[in-house]
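Working notes for the structure below.
The values are calculated or read from the model by the stated rules, or taken from the named source; none is laboratory data. What you see is a predicted model, and the numbers here were worked out from it, not measured in a lab. Here the Cβ positions follow ideal geometry from the backbone for every residue, glycine too, while neighbour counts run over all protein chains shown.
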Amino acid sequence: MAFKTHTLIIATLLGCLIPGGLFAQAPVDWVDPLIDTHESRWFYFNSASRPFGLVNLSPDTQTKGSWKSGYLYGDQSIRCFSHIHAWQLSGIPVMPIVGEMTGHQGMDVYQSEFSHDDETVEAGYHKVVLKKYGVTAELTSTVRTGFHRYTYPTTSDAYVLFDVGAMLGHGPTVEAEVSKINEREIAGMSLMKGTSRRKKDTPIFFVARFSEPITSFGGWQNEKIEDVTDSIAGEEIGAFVRFDTNADTPLLMKVSISYTSVDGARKNLDAELPHWDFDKVVSESKDDWNSRLSRVEVEGGTDAQKTKLYTDLWRSMLGRRIVSDADGAYCDMTTDERRVLNVPTDAEGKPAFNMHNFDAWWGSHWSLDILWPLVCPDVYSDICNTSIQMYQNGGLIPRGPSGGNYTFVMIGDSAAPAITSAYAKGIRDFDVELALEGLVKNTGPTGGRYYGGYAKQPTPAAYKEYESKGYISWGNSLSGGHGKAVTSLTLYNAYHDWCIAQMAKDLGQEDIYHKFIKGSQNYRHVIWPEKQSAWVREADGSWMKNFKPREMRFEQDGFCETSAAVTTFYVPHDPMGLAELLGGPDAAAKKLNDQFEASVEERFHLRGRSHGNAFVDYANQDGTGMAHYFNRIGFPWLSQKWVRAVQSATFSGTDPYSGYNGDEDQGQMGALSALLALGLFQFDGGSGIDPKYDLTAPIFDKVTLKLSPDYYGGNTVTIVTQNQSAENVYIQSATWNGEPHNTCWLSHHDLIQGGVLELNLGSEPNKSWGK
């Protein structure tokens with residue numbers, strides 16, 4: 001046995017060796033959470049987090065606002081460690097301190113300086129030294145429980161602060177409460193005030209358990225220490241626990257979270273973390289990440305390219321967070337009353353899926369909807385089930401739920417391509433008939449499609465005009481945010497109509513199919529052939545006068561966070577039909593190519609307040625399919641050229657000041673970046689009855705996709721490139737399973753059967769291949 005074990009160890013070590021005598025890194029080891037963290041959003045930075053975890057534990061250097069908050073690389077002080085960094089959700093900030101109890105004086109006082117030199121940041125683990133206190137803080141987590149290891153100096157004045165009444169992230173806390181349960185446990189709740197997006201106050205419950213006995217418990221309110229024995233509640237309150245510590249013995253703390261109740265939090269803790277082995281949880285977290293990231297394996301490429309790819313994949317599996325408890329209980333706020341409900345159970349009596357919280361689906365048809373079926377179809381299924389569950393609870397399929405609320409984030413009906421893309425790829429373990437029913441209802445006069453961003457009510461006039469004229473004019477702007485983006489909404493509606501039509505046809509719902517396939521042509525009403533551009537229609541049907549397709553603004557009137565120049569090419573479902581309106585494929589290709597040429601200097605993206613001035617914009621969703629348009633109108637070599645140019649100029653950065661260009665939107669830009677690097681895309685979002693992948697050259701010598709055994713039989717797809725280099729971006733020829741492959745796409749049906757795609761690359765375009 002000893003000999004066998006020894007031999008196995010040697011074989012394992014030899015198997016890990018790569019040329020040069022170095023050990024190969026696992027995919028999780030390539031992840032760098034610090035990429036582009038200089039201007040974080042609240043939900044952007046996550047270190048001690050599991051894939052899609054309810055708990056997203058990490059340090060906060062800024063604690064106010066949704067933007068430029070959370071962990072910002074350039075800051076010098078840590079204000080707290082908080083457990084929730086999610087779409088419109090935040091909660092349970094804690095801080096270890098030593099000496100005087102200063103919790104009541106607020107984060108400005110008790111914050112501590114730190115240095116990146118003393119910091120370790122990895123997927124699932126964060127270590128940092130709080131200089132003010134001489135405390136080494138280490139963080140990791142399970143799905144629903146944060147795990148802390150604090151190494152204090154030897155002292156009788158070691159504290160952990162629970163600043164549960166503080167302003168955190170998206171808004172203030174209405175009220176909070178904390179109670180001492182016993183000598184090793186406290187519990188409580190923070191009630192997050194509603195926001196303009198998540199309109200209802202939302203409670204977050206917690207249970208904290210310690211490895212050492214509490215020597216004293218106390219609290220404060222309105223910046224004053226209160227005389228309390230075992231509980232404190234009210235506005236602007238916090239609590240502290242004190243310990244005797246030894247420099248050789250760390251204090252361990254487990255903080256479990258629930259959106260349902262304290263009892264739910266305690267059940268989550270007991271279910272997921274019954275022991276105190278911190279290093280074991282760190283290891284399990286890495287294994288958890290690695291099991292998902294290993295669905296994609298690459299050979300060749302630079303270290304920077306591997307770092308960016310695996311960080312992209314990691315980010316794509318962070319933001320859309322679980323919100324249900326381990327036993328399936330979840331908070332529903334789709335009606336007037338807050339309710340605690342339970343997801344259905346499977347044959348073994350376990351929760352059939354997890355409920356999720358997520359930002360808008362807006363734009364995900366060019367990112368997550370393509371990547372997730374390849375790397376995490378099980379989670380994609382959960383999120384589809386979440387959407388159907390919310391439809392049953394509240395009567396609408398959400399386009400961005402938060403804390404059980406409908407938020408009506410952005411505009412349009414972006415749940416349509418998300419759900420229909422899952423269906424088209426064989427992810428169907430949700431009620432597909434009910435899903436189609438909900439998607440159709442969403443297009444009605446009271447449906448989600450006609451709510452402007454964060455609006456309280458739909459705009460029936462916009463519905464009536466679209467149904468009667470096939471477009472929405474300047475005279476029927478929506479209530480709510482982005483309400484004037486009427487041309488964008490018309491284009492969204494046309495695409496979403498097409499998506500619904502595809503699913504309906506496959507389900508044999510011919511009446512629905514014919515209604516919505518007709519609607520899919522409505523994009524033609526807002527493309528002005530004379531101007532070769534998307535345009536705004538006036539209430540009388542005329543084209544808006546004195547309109548300019550580009551303006552130095554965040555969003556141009558008529559368009560959603562973008563310009564008419566970019567939005568002209570937003571017809572994912574009928575690229576050749578659009579080309580006809582633009583004067584034919586040659587004219588359409590020339591127009592778009594000119595826009596790309598004009599955007600080289602700005603690296604294909606505009607940020608901040610200038611999206612409306614873009615020719616090409618890979619910093620916001622509506623522009624992220626532009627390079628692949630050429631593939632669908634007979635100019636695949638131009639897709640190959642510009643995809644590689646965008647990947648290199650826009651998304652290749654691997655330092656804290658580059659990589660995603662500002663707004664990563666819960667994994668969308670990470671997913672897009674990964675797809676560009678892998679050479680796979682779907683210009684139509686993958687919602688067609690026979691979805692196809694657009695092919696361009698990967699940046700690696702070899703890409704191996706290990707498909708899910710539950711959905712695709714565990715088949716493997718290998719993409720091999722010959723003559724790989726930075727200059728060789730053009731596909732000269734291709735084979736699929738040894739046979740010549742002469743088209744610039746590959747069907748999803750063929751891909752999931754497994755096989756080998758071999759691409760021969762060169763530095764000059766082969767204009768006869770792939771047309």
Exercise. Does segment 39-49 include one or more residues that are farther than 21 Å from Thr202 by Cβ, part of a strand (DSSP E or B) and in contact (Cβ under 8 Å) with a residue 12 or more places away in the chain?
Worked result: yes
Exercise. When only residues in segment 751-771 that are small (Gly, Ala, Ser) and outside any strand (DSSP E or B) count, which is surrounded by the fewest Cβ atoms within 10 Å (Cβ to Cβ)?
Worked result: Ser768
For this session: Output yes when any residue across segment 318-333 is without any contact (Cβ under 8 Å) to a residue 12 or more places away in the chain, among the small types (Gly, Ala, Ser) and assigned to a loop (DSSP other than H, G, I, E, B), and no when none is.
Result: no
Exercise. Going through segment 616-651 one residue at a time, which ones are touching a Lys or Arg at 6+ places or on another chain (Cβ under 6 Å) and either farther than 24 Å from Gln732 by Cβ or of a type outside the set (Gly, Ala, Ser) (or both)?
Worked result: Ala619, Trp637, Thr650
Exercise. Taking segment 277-313 as the search range and keeping residues that are in contact with an Asp or Glu (Cβ under 6 Å, 6 or more places away or on another chain) and part of a helix (DSSP H, G or I), which one is surrounded by the most Cβ atoms within 10 Å (Cβ to Cβ)?
Worked result: Thr311
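Table: residues versus (1) in contact with a helix residue (DSSP H, G or I) (Cβ under 8 Å, 6 or more places away or on another chain); (2) farther than 13 Å from Ile97 by Cα; (3) buried (at least 24 other Cβ atoms within 10 Å of the Cβ); (4) in contact (Cβ under 8 Å) with a residue 60 or more places away in the chain.
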| residue | (1), (2), (3), (4) |
| --- | --- |
| Val129 | yes, no, no, no |
| Thr140 | yes, yes, yes, yes |
| Leu161 | yes, no, no, yes |
| Val164 | no, yes, yes, yes |
| Ile181 | no, yes, no, no |
For this session: Filter the helices (runs of 4 or more DSSP H) completely within segment 406-483 down to those with at least 2 residues that are of a type in the set (Ser, Thr, Tyr).
Result: 415-424, 460-469
Exercise. Out of Met355, Met410, which single residue is farther than 30 Å from Ala485 by Cα and either of a type in the set (Ser, Thr, Tyr) or in contact with a strand residue (DSSP E or B) (Cβ under 6 Å, 6 or more places away or on another chain) (or both)?
Worked result: Met355
Exercise. Are there any pairs, at least 6 apart or on different chains, whose C-beta atoms fall under 8 Å, with the first in segment 77-88 and on the phi > 0 side of the Ramachandran plot and the second modelled with pLDDT under 95 and part of a loop (DSSP other than H, G, I, E, B), and if so, which?
Worked result: Gln88/Ser66; Gln88/His170; Gln88/Thr195; Gln88/Arg197; Gln88/Arg198; Gln88/Gly403; Gln88/Thr407
Exercise. Can you pull out the helices (runs of 4 or more DSSP H) entirely within segment 564-669 that have at least 3 residues that are without any contact (Cβ under 8 Å) to a residue 40 or more places away in the chain?
Worked result: 585-598
For this session: Have a look at Val255, Val207, Val241 and point out the one that is at pLDDT 95 or above, surrounded by 20 or more Cβ atoms within 10 Å (Cβ to Cβ), part of a strand (DSSP E or B) and in contact with a Lys or Arg (Cβ under 6 Å, 6 or more places away or on another chain).
Result: Val207
Exercise. Can we say Gly21 is at pLDDT 95 or above and among the small types (Gly, Ala, Ser)?
Worked result: no
For this session: Determine which single condition Thr215 fails, assuming it passes every other condition in (1) under 30 Å from the mean Cα position of the chain (by Cα); (2) under 20 Å from Ala158 (Cβ atoms); (3) surrounded by fewer than 18 Cβ atoms within 10 Å (Cβ to Cβ).
Result: (1)
